[in-house]
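Scroll down for the structure; my scribbles are underneath it.
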Amino acid sequence: MFISSVNHSIRMRIRFVIRKVRTNSAGVCPLNCRITIDGQKATEFATGAAVDPKKWDSKFQKVKGASQAAIDLNRRIDIIKTELEGVYLSARSRGLRLSANEIKDIYTGKKELACSFVKMTTLYLEELKIKNRSIVTVNRYKRCFLYLNQYLGKDMNVASLEKRHVSGFWRWLKEKGYHNDYCNKIVQACIGLFRFGMREGYVERSPFAGVSLEWKKELDTTCLSKEELGLLENYPWSDKLQRVVDSFLFMCHTGLHIGDYIEIGEDSCYTYNEKQFMKVKRIKTGVEAIFPLDNFAVSLINKYGGCDKMPKISGQKSNDYLKVIAEAVGITKNLTNKIARKTFTDICLNEYGFSDEVVSTMLGHTSTRQIKHYGSIKEKRILKEWSDKVDVA
């Protein structure tokens, strides 16, 4: 029996056993290997070797005799011992305390000794795609994992992440100015990632285990005013930035999400009752968003020669450009593509006085409950509805 000991409290035992009941017509039976760590045994695995039961010495764990076959088989047994010991010692040197079954799985190729953070996130994102999660959802998860990778500063072994990394990551997010609930969503995505890692055997434990999230239910309905929209429309932009501004303004006038805007094509536009309409099946939910096109939106479509020829820029890249654009015209708000959708909602609710049901349909929502995340009723709408019924002082 082979014993490997890194310290006095943790020991690995390796023992080879034969299965006489499976002796074949040639008179040999399979030689299996059994690993035990701290009294916990792994399921036996086949070594691929066969032994004559009469020549097997169970006490000394070797084949009796001086024949070449016996020498080769004993050498093979020694190699297996050495390789198993290598896996065990390598894991211990990295601070990993693996079970007997995990050692066996690593040796037999069913599991890797170490899995990097980037590799585990890649595998998790691939699983989300296989489960037909929308590209918007997959990209949102990807963005959350990029935050954690940026905080870590390097591609770490996932098994080496600890509680201190989680608490440090939370502080790092808050220092970057993100809202409490947005930080929670990022952490939630990471919790799901490590649950996947535990299920697939890449980590034994999750550093996010036991994390309690406090939701403040913050609603960020930041939007642009008519004056700020005018600044964007009238500024003399370069050709590159003009395309970014036009796509942003188009979303302000249609309420499209950046992911849905990128997918619009020639068949997205149609005529109803002699009016221009657009119908878009949302990538995230599969729900159709239906809305008429105002004169400004139609003018942009005509400018580029059709819906399918509108400037299409990825969300992250356009957000980077929007920061430059905001600074150029003196807009102090954190200008992102999300603000376009919120601006559309604000105009519909407070300028035009549309009902929640109509706004929900145009946004592609299945209920009116989501509107509160995109816009809120303001004094102008309240005053208008009062003025229709009550004399206001």
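Quick notes
- Verdict on Asn337 being more than 18 Å from Val287 (Cβ to Cβ) and either within 28 Å of the chain's Cα centre (by Cα) or in contact (Cβ under 8 Å) with a residue 40 or more places away in the chain (or both): yes
- Matching residues in region 242-269 - criterion: being within 30 Å of the chain's Cα centre (by Cα) and among the hydrophobic types (A, V, I, L, M, F, W, C): Val244, Val245, Phe248, Leu249, Phe250, Met251, Cys252, Leu256, Ile258, Ile262, Ile264
- Pairs are defined by a Cβ separation below 8 Å, a sequence spacing of at least 6 or placement on different chains, a first member in region 2-23 that is buried (at least 17 other Cβ atoms within 10 Å of the Cβ) and among the hydroxyl-bearing types (Ser, Thr, Tyr), and a second member that is in a strand (DSSP E or B) and modelled with pLDDT of 55 or more; the pairs so defined are Ser4/Arg11; Ser4/Met12; Ser4/Ile14.
- Taking the listed residues Tyr270, Tyr261, the one that is modelled with pLDDT of 90 or more, part of a helix (DSSP H, G or I) and hydroxyl-bearing (Ser, Thr, Tyr) is Tyr261, with no other qualifying.
A quick yes/no check of all residues on (1) surrounded by 18 or more Cβ atoms within 10 Å (Cβ to Cβ); (2) under 29 Å from Tyr124 (Cα atoms):
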residue	(1), (2)
Gln188	no, yes
Phe194	yes, yes
Pro207	yes, yes
Lys240	no, no
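- Residue list for region 198-210, restricted to those being assigned to a helix (DSSP H, G or I) and of a type in the set (Lys, Arg): Arg199
- When Thr254 is tested against (1) more than 23 Å from Asp356 (Cβ to Cβ); (2) surrounded by 20 or more Cβ atoms within 10 Å (Cβ to Cβ); (3) polar (S, T, N, Q), just one condition goes unmet, and that condition is (1).
- Candidate set from region 40-61 (those that are part of a loop (DSSP other than H, G, I, E, B) and in contact with a strand residue (DSSP E or B) (Cβ under 9 Å, 6 or more places away or on another chain)); member that is farthest from Tyr88 (Cα to Cα): Asp52
- Residue within region 222-230 that is of a type in the set (Gly, Ala, Ser), in contact with a Leu (Cβ under 8 Å, 6 or more places away or on another chain), closer than 20 Å to Val359 by Cα and not in a helix (DSSP H, G or I) present: no
- Test: Ala66 is of a type in the set (A, V, I, L, M, F, W, C), surrounded by fewer than 17 Cβ atoms within 10 Å (Cβ to Cβ), assigned to a loop (DSSP other than H, G, I, E, B) and without any contact (Cβ under 8 Å) to a residue 24 or more places away in the chain: yes
- All conditions but one from (1) outside the structural domain of Lys185 (by TED's automatic domain parsing); (2) free of Cβ contacts under 8 Å to residues at least 24 places away in the same chain apply to Val87; the one that does not is (2).
The values are calculated or read from the model by the stated rules, or taken from the named source; none is laboratory data. Keep in mind that this is a model prediction, so the values were computed, not measured. Note that each Cβ is placed from the backbone with ideal geometry, even for glycine, and that neighbours are counted across all protein chains shown.
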